[in-house]
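Before any comments, here is the structure.
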Amino acid sequence: MESALRPPAPVLCSVLSVKDRSCEVALDTERALLSWREVRPRRGRDRSRPGTGSSRTGSCLARVFRRARGITGNFSQQFPSGGRSVPVSEIIAVGEAEIDGKYCHGMKWQHMCKPHAFTVNYVQRMKEHRWRCKAVTFWCSDEVLCCHWLHALNNLLEQQTYRPKHLLVYINPYGGKRKGKQIYEQKVAPLFSIASISTEVIVTEYANHARDNLYEIDLEKYDGIVCVGGDGMFSEVLHGLVGRVQKDMDVDLNNPAAALSRCDVRIGIIPAGSTDCVCFATVGINDPVTSALHIILGDSQPLDVCSVHRKKMFLKYSVSLLGYGFYGDVLKGSERNRWLGPARYDFSGIKTFLSHHCYEGTVSFQLAKWAAGTPRDNACCMSGCHVCRKSSKQLEEYERARACGLERNEADEDWTTIKGKFMAINAASMSCACPRSPKGLSPAAHLADGAADLILVRKCSRLNLLRHLIRHTNDKDQFDFPFVEVYRIKTFQFTPKHFEEEEDDTESTDLGIPGKKNFAQICTDHPSCGCSQVNSIWNCDGETLDQTAIEMRVHCQLIKLFARGIEDQKPVDYGTPSRV
């Protein structure tokens with residue numbers, strides 16, 4: 001009776017065998033940490049017998065127990081030269097080993113009716129934020145010991161309740177290099193199978209297929225939604241999920257000031273597109289296997305979403321870049337040359353740079369006064385970002401105040417208005433990093449702080465524009481130019497000059513000063529000034545937005561991704577040696 005009520009030991013220790021080497025294996029159940037290292041045999045001892053340690057077993061176990069809580073302090077990165085430690089939170093699956101019926105015993109292959117072995121599949125970090133699924137098989141001396149280890153490990157895995165069990169997968173077979181289906185079947189589906197994740201796969205057949213489908217399905221059936229494709233495919237899923245939640249909560253999407261309801265269903269991105277900017281900025285690399293492992297582990301990264309309106313009409317959602325001028329023209333030109341594949345962006349970029357257009361208009365915005373950082377503080381958003389955590393607390397306080405009827409009228413707050421000619425107007429709600437621009441358009445932008453960085457590039461020479469663009473590819477401050485201004489904002493609007501001339505006063509989209517005209521006359525400069533082209537278009541996360549007079553608002557942490565932010569490349573230390 002006493003043994004039945006006795007709590008489980010905080011440290012499970014055994015001498016097991018990996019391949020032909022005896023290993024000290026320890027499972028710290030309090031810290032949920034699995035560690036193993038090779039036993040260095042004395043001279044004259046047989047090290048090849050699996051699961052045996054002769055008279056040394058007792059001393060090995062005692063030594064393991066003494067080290068268990070700080071075993072990682074003495075381990076090197078690779079086995080068998082030193083050892084390895086894996087947190088249970090990064091173990092994918094544990095199960096009985098699938099052996100072909102033979103094992104090595106005494107340097108000879110012998111037949112076994114039933115192997116006393118279990119396999120642990122876990123995440124191994126590689127260079128440049130790349131993850132891989134590794135497997136190690138532990139051989140036990142008898143069946144009872146094997147079952148004991150399986151039971152202990154699976155009990156800890158069952159406590160990882162945030163991991164998905166059933167996923168809805170959308171595959172875009174046409175995005176990028178048209179390999180979305182192949183990438184999923186060859187690289188992602190086998191990993192989901194190992195992790196015992198069931199999936200319902202839908203291969204999209206037309207534009208916005210995923211968005212339309214999300215308005216109809218039962219979301220309660222799924223633990224998450226996975227999109228296989230590029231930024232366009234993610235945008236479809238984003239619009240479908242957010243739109244569905246607002247519909248269920250009876251939120252008026254056409255009201256720019258409406259507080260949107262947050263989405264609890266997480267979205268996973270398997271990169272298979274041309275740029276995959278959102279995946280790169282939230283994981284650190286565009287790699288399908290790495291993204292699949294983040295999904296399996298159940299990582300969760302909140303993400304800001306920007307709503308874009310024209311007057312009182314909803315247009316689109318944005319999570320990365322809302323760009324007018326240069327980046328709008330690049331997108332517009334690339335759409336005419338889709339047959340070039342990803343190279344179309346380079347071709348269109350060069351052509352747009354040589355055309356050197358600038359556009360006249362008015363930008364009005366409200367600063368994010370609560371923001372802990374600034375666009376030029378070099379504080380990049382990393383995994384566990386303190387700025388985003390602080391914003392999460394502020395969001396909770398805001399929602400409590402709104403529930404009590406104490407919400408402040410945002411229209412009464414101060415607006416800043418800037419008029420002029422601009423080469424580019426960019427609102428970046430994340431760094432917008434990609435392989436070609438590792439730091440992105442705004443390196444210090446945060447994923448979940450409820451703010452966006454508004455970057456204004458005023459009219460300048462072609463040489464100065466080139467100097468600014470080159471800064472996107474290096475570590476220098478890309479805002480350190482007299483013609484570049486950057487602000488951390490929560491909402492902004494843009495009105496082109498000719499629009500104000502054509503519209504009545506009552507139809508102005510100025511949120512801060514309704515009915516006010518921003519300009520008195522149309523630009524009469526010579527066409528050589530670069531203003532001959534009246535309007536650009538908006539680049540909204542890689543999708544065209546033809547309306548020019550718009551207003552944008554940031555919604556803090558509206559959705560969640562299967563990601564954890566970009567991790568620091570420093571080695572992870574799971575503990576310090578204990579002096580037990």
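The values are calculated or read from the model by the stated rules, or taken from the named source; none is laboratory data. If you're wondering where the values come from, they're calculated on a predicted model, not measured in any experiment. A quick note on method: Cβ atoms are made from the backbone with ideal geometry, for glycine too, and the neighbour counts reach across all protein chains shown. Just the protein is used for accessible areas: all its heavy atoms, side chains included, with ligands, DNA and RNA removed. Shrake-Rupley method; radii C 1.70, N 1.55, O 1.52, S 1.80 Å.
In region 206-233, what count of residues is obtained for those that are aromatic (Phe, Trp, Tyr), surrounded by 15 or more Cβ atoms within 10 Å (Cβ to Cβ) and modelled with pLDDT under 95?
0
If we scan region 460-481, do we find a residue that is surrounded by 17 or more Cβ atoms within 10 Å (Cβ to Cβ) and part of a strand (DSSP E or B)?
No, region 460-481 contains no residue that is surrounded by 17 or more Cβ atoms within 10 Å (Cβ to Cβ) and part of a strand (DSSP E or B).
Kindly establish whether Cys381 is touching a His at 6+ places or on another chain (Cβ under 7 Å), under 29 Å from Asp231 (Cβ atoms), in a loop (DSSP other than H, G, I, E, B) and at pLDDT 85 or above.
Numbers: touching a His at 6+ places or on another chain (Cβ under 7 Å): yes; under 29 Å from Asp231 (Cβ atoms): yes; in a loop (DSSP other than H, G, I, E, B): yes; at pLDDT 85 or above: yes.
Here the answer is yes, as Cys381 does meet what is asked.
Would a scan of region 398-421 turn up a residue that is assigned to a loop (DSSP other than H, G, I, E, B), open to solvent by less than 90 Å² (accessible area, probe 1.4 Å) and at pLDDT 75 or above?
yes
Out of the residues in region 113-134 that are open to solvent by 70 Å² or more (accessible area, probe 1.4 Å) and out of contact with any Phe, Trp or Tyr (no Cβ under 7 Å at 6 or more places or on another chain), state the one that is farthest from Glu96 (Cα to Cα).
For region 113-134, the residue satisfying everything is Glu128.
May I ask you to list the residues in region 463-493 that are in contact (Cβ under 8 Å) with a residue 60 or more places away in the chain and either acidic (Asp, Glu) or touching a Leu at 6+ places or on another chain (Cβ under 8 Å) (or both)?
Correct list: Asp477, Glu485, Val486, Tyr487, Arg488, Ile489, Lys490, Thr491, Phe492, Gln493.
Among the strands (runs of 3 or more DSSP E) contained in region 106-201, which hold 1 or more residues that are out of contact with any Pro (no Cβ under 8 Å at 6 or more places or on another chain) and within 22 Å of Trp36 (Cα to Cα)?
Output list reads 117-125, 131-139.
Quick one: which residue in Val25, Val18, Val39 is touching a helix residue (DSSP H, G or I) at 6+ places or on another chain (Cβ under 9 Å), under 25 Å from Leu157 (Cβ atoms) and at pLDDT 80 or above?
Being touching a helix residue (DSSP H, G or I) at 6+ places or on another chain (Cβ under 9 Å), under 25 Å from Leu157 (Cβ atoms) and at pLDDT 80 or above holds for just one of Val25, Val18, Val39, which is Val25.
Report the residue count in region 453-482 for those that are in contact with a helix residue (DSSP H, G or I) (Cβ under 6 Å, 6 or more places away or on another chain) and under 17 Å from Thr417 (Cα atoms).
0
Of the residues that sit in region 272-299 and are hydroxyl-bearing (Ser, Thr, Tyr) and open to solvent by 10 Å² or more (accessible area, probe 1.4 Å), which one is farthest from Cys385 (Cα to Cα)?
Step one: of region 272-299, the residues hydroxyl-bearing (Ser, Thr, Tyr) are 274-275, 282, 290-291.
After this cut, where a residue has to be open to solvent by 10 Å² or more (accessible area, probe 1.4 Å) as well, the list is 274-275.
Details: Ser274: 28, Thr275: 25 Å.
Top of the filtered list is Ser274.
Pairs, please: C-beta under 7 Å, at least 6 apart or cross-chain, first residue in contact (Cβ under 8 Å) with a residue 60 or more places away in the chain and of a type in the set (D, E, K, R) and in region 315-330, second part of a strand (DSSP E or B) and crowded, with 24+ Cβ neighbours inside 10 Å?
Lys316/Cys540
Could you list, in sequence order, the residues of region 135-183 that are touching a residue at least 12 places away in the same chain (Cβ under 8 Å), of a type in the set (Lys, Arg) and out of contact with any helix residue (DSSP H, G or I) (no Cβ under 8 Å at 6 or more places or on another chain)?
Correct list: Lys165, Lys177, Lys179, Lys181.
Is it fair to say Ser196 is polar (S, T, N, Q), open to solvent by 80 Å² or more (accessible area, probe 1.4 Å) and out of contact with any helix residue (DSSP H, G or I) (no Cβ under 8 Å at 6 or more places or on another chain)?
yes
Check region 351-366 and report whether any residue there is of a type in the set (A, V, I, L, M), under 16 Å from Lys490 (Cα atoms) and modelled with pLDDT of 80 or more.
Yes - at least one qualifying residue is present in region 351-366.
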